[in-house]
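The values are calculated or read from the model by the stated rules, or taken from the named source; none is laboratory data. Nothing here was measured: the structure is a model prediction, and the numbers come from that model. Positions of Cβ are generated from backbone atoms using ideal geometry, with glycine treated the same way; all protein chains shown enter the neighbour counts.
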Amino acid sequence: MIVQSADDALPEEITVAISGFTRYLKAERNLSDHTLRAYLGDVRSLCAHAVARGLTGLAELDLARLRGWLATQHAAGSSRATVARRSAAARTFTAWAVRAGHMTEDPGPRLASARPRRTLPAVVRKDQAREALRSAGLGAAEQEPVALRDQAIVELLYATGMRVAELCGLDVDDVDYSTRVVRVMGKGAKERTIPFGLPAESAVRSWQQTGRPDLVRSDSPAALFLGARGGRIDPRTVRRVVHEVIGAVPGAPDIGPHGLRHSMATHLLDGGADLRTVQELLGHATLATTQLYTHVTVERLKAIHDRTHPRS
């Protein structure tokens, strides 16, 4: 039996347009692979919804059809964040379609969607992070390659706050031990340099000198972190590693690399770092994103106020 793909069920004009939109996203938007897949999935869903309700060409894609599609997403239980992302994908698609000549009018700017609630995931306390990293170090003491790798992963993630995709994309020569910095390729192909401390240096050195040689193969890439079969490590493996390391600490929240990134930022701000510095370290495009972390400094600010204000 031949199974139709999502695009096979769409009119040829729309299929051609989606292919052009795909090339545009890859060539000009510098989206991550995850975001690219999400945007294309959203556009295919939008087009399939509209075609099922009588759409024959993109010129007929109007505001009512866009709103109807978002309404079905909401009714299906999609979160506010998901609906907001799908709305953004639809606006990006219709704007491109007008420029490419597939549509004469762009209904996208009039498509409103609820803003996602900007909440932070759970973070570990400083003592919990310290205990998790201590446990990872005890596991690596046996010099087993995977244990050395896992310790290096959690130490470097916590030291730098880099994203899981950024860590997986690291190559061996991205680490400069002489200055203790790592070169990271972030979102939008933007490069930044992040410092790290002595514990991370020790863990990464041990992995690279003792653990990595046991996993490397003749066809292995220059990746800093390797999987058990010698290929570049997969983000799913990194997530599993972080969940296991943090999960070994009694009372610690169940977090992955994203939560460890937020923990690092929280601990920096709680220790007195300024927002601009944290923004640079995390690779946030705008300061508004970094400002989400300011809630963690309230108790510290209260303590300073109580200690220094004459009328406290």
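I need the full set of residues from region 172-210 which are closer than 29 Å to Glu131 by Cβ and among the aliphatic types (A, V, I, L, M), in order please. Those that are closer than 29 Å to Glu131 by Cβ and among the aliphatic types (A, V, I, L, M): Val175, Val181, Val182, Val184, Ile194, Leu198, Ala200, Ala203, Val204.
Being assigned to a helix (DSSP H, G or I), at pLDDT below 85 and either among the basic types (Lys, Arg) or surrounded by 14 or more Cβ atoms within 10 Å (Cβ to Cβ) (or both), is that true of even one residue in region 50-65?
No, that holds for no residue.
Report the residue count in region 16-36 for those that are at pLDDT 90 or above and not aliphatic (A, V, I, L, M). Summing the residues that are at pLDDT 90 or above and not aliphatic (A, V, I, L, M) in region 16-36 gives 6. Does Ile255 satisfy the condition of being touching a His at 6+ places or on another chain (Cβ under 8 Å), buried (at least 20 other Cβ atoms within 10 Å of the Cβ) and not in a strand (DSSP E or B)? Spelling it out, Ile255 is indeed touching a His at 6+ places or on another chain (Cβ under 8 Å), buried (at least 20 other Cβ atoms within 10 Å of the Cβ) and not in a strand (DSSP E or B).
Let's see how each residue does on (1) loosely packed, with under 14 Cβ neighbours inside 10 Å; (2) modelled with pLDDT under 95; (3) polar (S, T, N, Q):
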{"position": "Leu111", "(1), (2), (3)": "no, yes, no"}
{"position": "Pro116", "(1), (2), (3)": "yes, yes, no"}
{"position": "Thr119", "(1), (2), (3)": "yes, yes, yes"}
{"position": "Val124", "(1), (2), (3)": "no, yes, no"}
{"position": "Gly137", "(1), (2), (3)": "no, yes, no"}
{"position": "Glu142", "(1), (2), (3)": "yes, yes, no"}
{"position": "Leu148", "(1), (2), (3)": "no, no, no"}
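Quick one: count up the residues across region 119-131 that are of a type outside the set (A, V, I, L, M), in a loop (DSSP other than H, G, I, E, B) and closer than 17 Å to Leu268 by Cβ.
Taking region 119-131 and keeping what is of a type outside the set (A, V, I, L, M), we get 119, 121, 125-128, 130-131.
Add one more test, that the residue is in a loop (DSSP other than H, G, I, E, B), and what stays is 119, 121, 125.
From the residues that got through so far, the ones that are closer than 17 Å to Leu268 by Cβ too are 121, 125.
Qualifying residue count, region 119-131: 2.
Taking the criterion of being surrounded by 12 or more Cβ atoms within 10 Å (Cβ to Cβ), touching a helix residue (DSSP H, G or I) at 6+ places or on another chain (Cβ under 6 Å), of a type in the set (Ser, Thr, Tyr) and within 30 Å of Cys168 (Cα to Cα), would at least one residue in region 90-101 satisfy it? No, region 90-101 has no match at all.
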